[in-house]
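Worksheet: the structure to be examined is printed underneath.
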Amino acid sequence: MTVSRREFLRGLATTGVAAAIGPSLVAPLANAEEDATLGTWKTSGSHFGAFRARVYAGKVQEIEPLAFDKHPTDMINGIKGVIYNPSRVRYPMVRLNWLKKHRYSSDTRGDNRFVRVTWDEALDLFYRELEYVQTNFGPWALHAGQTGWRQTGQFHSCTSHMQRAVGMHGHFLTKVGDYSTGAGQTILPYILGSTEVYAQQTSWPKIFAHTDVLILWANDPVKNTQVGWQCETHESYAYYEQLKQNLADKKIRVISIDPVKTKTQNFLDCEHQYINPQTDVPFMLGVAHTLYKEDLYDKDFINTYALGFDDFLPYLLGTAADETEKTPEWAAAICGIDADTIRDYARLMANNRTQIIFGWSIQRQQHGEQPYWMGAVVAAMLGQIGKPGGGVSYAHHYSGIGIPPTGAAGPGGFPRNLDPGMKPKHDNKDYNGYSSTIPVARWVDALLEPGKKINYNGATVTYPDIKMMVFSGNNPWHHHQDRNRMKEAFKKLHTVVSIDYCWTATCRFSDIVLPACTQFERNDIDLYGAYSASGILAMHKLVDPLYHSKTDFEIFTELTRRWGQHKAYTRGMDEMDWVKMLYNECREANKGKFAMPEFDEFWAAGLVEFGQGSDYIRHADFREDPEIAPLGTPSGFIEIFSRTIDRMGYQECRGHPMWFEKAERSHGGPKSDVYPLWLQSCHPDKRLHSQMCESEEFRATYAVQGREPLYMSPEDAKARGIADGDLVRIYNDRGQALVGAVVSDDYPPGVVRLQEGAWYGPLNEKVGAIDTYGDPNTMTLDIGASELSQATSANTCLVEIEKFNGEVPPVTSFGGPIMVS
Ligand SMILES: Nc1nc2c(c(=O)[nH]1)N[C@H]1C(S)=C(S)[C@@H](COP(=O)(O)OP(=O)(O)OC[C@H]3O[C@@H](n4cnc5c(=O)[nH]c(N)nc54)[C@H](O)[C@@H]3O)O[C@H]1N2
Ligand SMILES: Nc1nc2c(c(=O)[nH]1)N[C@H]1C(S)=C(S)[C@@H](COP(=O)(O)OP(=O)(O)OC[C@H]3O[C@@H](n4cnc5c(=O)[nH]c(N)nc54)[C@H](O)[C@@H]3O)O[C@H]1N2
Ligand SMILES: [Mo]
């Protein structure tokens, strides 16, 4: 049963490719073959995997996955369209009315009328605006702290370039947390002692060897591990195939607890447990109640490894202030799973080695802290935490977590911060009484209510009075919630600068837009496998930067030159100097453990492989001896009750996990009488957020009448006279969009899905204008998950839909700005 990664790969290799996975240190990747008619094959990588590209006549002709990648995603087919498409940012552009009326003309922001300028003009304006903000206001007025899914490559990682350069000019506002796991990463350190969400988890071979029941809870790894934070290896897919086989052989039970039949469920052909959206906590409380009442819980484990069970019991048993016993019957009325089934789950989990693996969407909702906390409590009651193939994981769907890691060191990156001893041009650190760091998803609140004080994770945050924002490597007009609220908020900004290679909605709502090139137009180096550390990948430049675009490195060299700090910025090194240095430092760090050849040999070959990783078991050391390996919680134990959180005195995150009703909830919850459908904005199957939406031919493989697909149940479609392929208007009080219906049995009544990252295409710049393509964040709710995390609540959102019969407006999302002279 303990099949190693290498055996998997070997088993799967059907062609001569197998030889390349042999013991040789560097794998020959047919990199240098040159042919007068065919051109050159070049190796590179991406979030979507490693590939080689045939370049002929200065143009990428075709792209195919590297032979190494046994399970390539078809998103590889979208890459060519990321390089060549009508939405590329071609020239430095400045918003017409901002230029004409000198800086500040908010009324027309978003009308997409822009003037082409030279690089010198654009960078002079950028510098002028930095000076304006630092001298007239201060560091509190400049927010350059948002981050996101910059393209891969350790050297060119673009947000680091922007933040180092802007930081060399002056201090600025930053963020804490992220949109991915904001609630989870805030609550879990109090409960399990680490964020858990970004931690290495129990390796798949251990799960295969020990797990009886695997619960995929709000989790779709077959969809979500197509991409990785660094170049994705897709080795996880060999394990999914093994899991499917084990399931067919009845060696394991796999249950997906999800309102929707997921891609993973369909792939594995596993059991499905439907649950009403946003109601996992009542279900878990019902399970905990049964574990307690039927004496199925592990008292020894609770006594040895956990604290606060007795403080939680009154709530569970109905003797606390709310006087409600959390019986399976109570839970059934909320979560839609009948009481006997809930009891069966408790027995099933207690009587078998049970591994729970949570996805993250479930905590991207109001009170998103609670399902993770209650999940830890259930796992503690089951007493299997730290056993191989038991316990709870919060990360098996992310960036190859679960592949046995090699433990090799990856290459470092370009420094985000100033070098020691460096001083910015304006060294003013006076934030005027405002907070210098704000929770990641609360910056629009800050724009709307500067000076307001909010609670956050035991502290007070005072919203700064932001005047200028700089975006690089993230797309807030995709990632943030409630577009029309954002439109209102952006009116107060004096200056917005975007550096991007494609004309996103963020560019449309900016004042200065600088054309970066794509990662395929520069040389770089990457770790192959973010968590598996399977190797080091060379990223060869495929073609020169298109149009007038430049690498972020060049852009910020030229910006810092304006105040004479460009040599400090680059450290006097060029692109290849940096790439070589990062490689050599990595080689040094791996010395004696992992052999790496000289740089030139690596660069010619394309990939250095580190071989077989070792199995890992989450929390095994803690289970072995909680005194020697305590958790990072205040007590060192699992905290079922957290004194620290209790003392914060928050209404909607108290001393132990609880069920809180949502602001909006389908299936009989608040507002469902007006807006009966739950809008889930899950991560896209054929994009990375907004990335690749611009890739035209690839988009055509999933778009419906040129719009983003809206997935819905046959029942909901029929009730509204909607047929598969129809144009549909989706709306609520916050916004409206035009989308294309996909009717699917995978969706239950009351649930619709619009995948996040669909490019926002407002008909015009006015508040309330219809979105012509289908960005879910046109409709989503923009509130903090609770006072603890203040994280995004994107999945707390109700809508209604209707067949669209009006005059069909064109899609405005793609094709760049309206150029005016
Ligand atoms: N409703 C809803 N909203 C969500 C989510 C959800 O589930 N539902 N998910 C949230 C989550 S988990 C996340 S992580 C965020 C993701 O939010 P983002 O990280 O903001 O999303 P991306 O689309 O990846 O944006 C990256 C941007 O950087 C640009 N870029 C990439 N590489 C480079 C480069 O090398 N140089 C320059 N200059 N620019 C570059 C890309 O073109 C793109 O515009 O979205 C969040 N928003
Ligand atoms: N292809 C692709 N993969 C990606 C990304 C991408 O953009 N594209 N983005 C990456 C990033 S940045 C992140 S953060 C991760 C996101 O990873 P996740 O947040 O885990 O992914 P989602 O697809 O949004 O949601 C996973 C599942 O949760 C279910 N779900 C939602 N709400 C509930 C609920 O209330 N209860 C229950 N039981 N289930 C619920 C959904 O139906 C869905 O099947 O994915 C990463 N992987
Ligand atoms: Mo994310």
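With all protein chains in place and a 1.4 Å probe, the accessible surface of the chain carries 48 percent carbon and sulfur. Along the Cα-to-Cβ line of M573, 7 Å from the Cα, sits a label point; which residues in the range 386-419 have backbone N less than 12 Å from it? The answer is 412-415, whose backbone nitrogens lie closer than 12 Å to the label point.
Around the amide H of V704, modelled in the peptide plane, lie the amide H atoms of G740, all under 5 Å away and 5 or more residues distant in sequence or on another chain. Note that the range 420-429 has calculated 3J(HN,Hα) couplings of x, x, 6, 10, x, 3, 10, 9, 7, 10 Hz, one per residue in order, obtained from phi through the Karplus relation 6.51 cos²θ - 1.76 cosθ + 1.60 (θ = phi - 60°); glycine and proline are x. With 32 Å as the limit, the listed pairs K263/K580; K100/K686; K293/K387 have K263/K580; K100/K686 beyond it between alpha carbons.
The phi torsions of the range 497-502, fed into the Karplus equation with coefficients 6.51, -1.76 and 1.60 and a -60° offset, translate into couplings of 10, 10, 10, 7, 9, 10 Hz, rounded to whole numbers, with Gly and Pro shown as x. Only Lys, Arg, Asp and Glu carry charge here, each on its Cβ (+1 for the first two, -1 for the last two); on that basis the chain has a dipole of about 1740 debye about its Cα centre.
Dipole of the range 319-470, Cα-centred, from +1 at each Lys and Arg C-beta and -1 at each Asp and Glu C-beta, to the nearest 20 debye?
With Lys and Arg at +1 and Asp and Glu at -1, about 700 debye.
Taking a ≥ b ≥ c as the square roots of the eigenvalues of the Cα gyration tensor of the range 157-247, is the shape rounded (a/c under 1.5), prolate (a/b larger than b/c) or oblate? Since a/c reaches 1.5 and a/b is larger than b/c, the shape of the range 157-247 is classed as prolate. For the chain, adding -39500 (n - 2.57) for each run of n ≥ 4 DSSP H residues and dividing by the number of residues yields -8000 deg cm²/dmol at 222 nm. On the basis of the beta-carbon distance and an R0 of 35 Å, A719 and K766 show a calculated FRET efficiency of 0.65. Residue pairs exceeding 26 angstrom between C-alpha atoms, taken from K453/K662; K429/K766; K223/K487; K541/K567; K423/K591: K429/K766; K223/K487; K423/K591.
Across the chain, counting alpha-carbon atoms alone, Rg and Dmax equal 26.3, 81 Å. A 1.4 Å probe run over the protein chains yields, for the chain, 33 Å² of accessible area per residue, whole-number rounding. Its Cα gyration tensor gives the range 92-241 an equivalent ellipsoid. The semi-axes, each the square root of 5 times an eigenvalue, are 44, 19, 15 Å from largest down.
When the Cα positions of T152, F126, N97 are compared along the charge dipole of the range 97-152, N97 comes out farthest toward the positive end, with charges on each C-beta of Lys, Arg, Asp and Glu. If you take the Cα centroid of the range 473-536 and the Cα centroid of the range 78-95, the two points sit 13 Å apart. Close amide H partners of V115, meaning residues 5 or more places away or on another chain with modelled amide H under 5 Å apart, are V94, R95, L96, V820. Approximating the spin labels as points 7 Å out from Cα along Cα→Cβ, the K453-to-R643 distance works out to 2.6 nm. Rounded to two decimal places and with Rh computed the Kirkwood way over Cα pairs, what is Rg over Rh for the range 766-821? Here the Rg-to-Rh quotient is 1.10. Coupling constants for the range 205-214 follow from the phi torsions by the Karplus curve (6.51 cos²θ - 1.76 cosθ + 1.60, θ = phi - 60°), and in residue order they are x, 5, 5, 4, 6, 10, 7, 8, 10, 10 Hz; glycine and proline get x. Amide H contacts of L607: A27, A538, each under 5 Å away and 5 or more positions distant or on a separate chain (H built 1.01 Å from N in the peptide plane; Pro and chain starts excluded).
I'd like to verify something in the chain: which complete DSSP H helices, judged by Cα projection on the helix axis, reach 24 Å or more and average at least -1.0 on the Kyte-Doolittle scale? Span-like helices here: 119-136.
With a Förster radius of 45 Å applied to the C-beta separation of A589 and K250, the computed FRET efficiency comes to 0.50. Using the Cβ-Cβ distance between K101 and E601 with R0 = 51 Å, the FRET efficiency computed as 1/(1 + (r/R0)^6) comes to roughly 0.35. Could you tell me which GluC sites (Glu not before Pro) in the range 43-143 are loop residues by DSSP with no more than 10 other beta carbons within 10 angstrom of their beta carbon? Listed in order of number, the matching sites amount to none.
The values are calculated or read from the model by the stated rules, or taken from the named source; none is laboratory data. The shown structure was predicted, so the numbers you read here are calculated from the model rather than taken from an experiment. Cβ: placed from backbone, ideal geometry, glycine included. Neighbour counts: every protein chain shown. Calculation scope for accessible area: heavy atoms of the full protein, side chains included, ligands and nucleic acids excluded. Shrake-Rupley method; radii C 1.70, N 1.55, O 1.52, S 1.80 Å.
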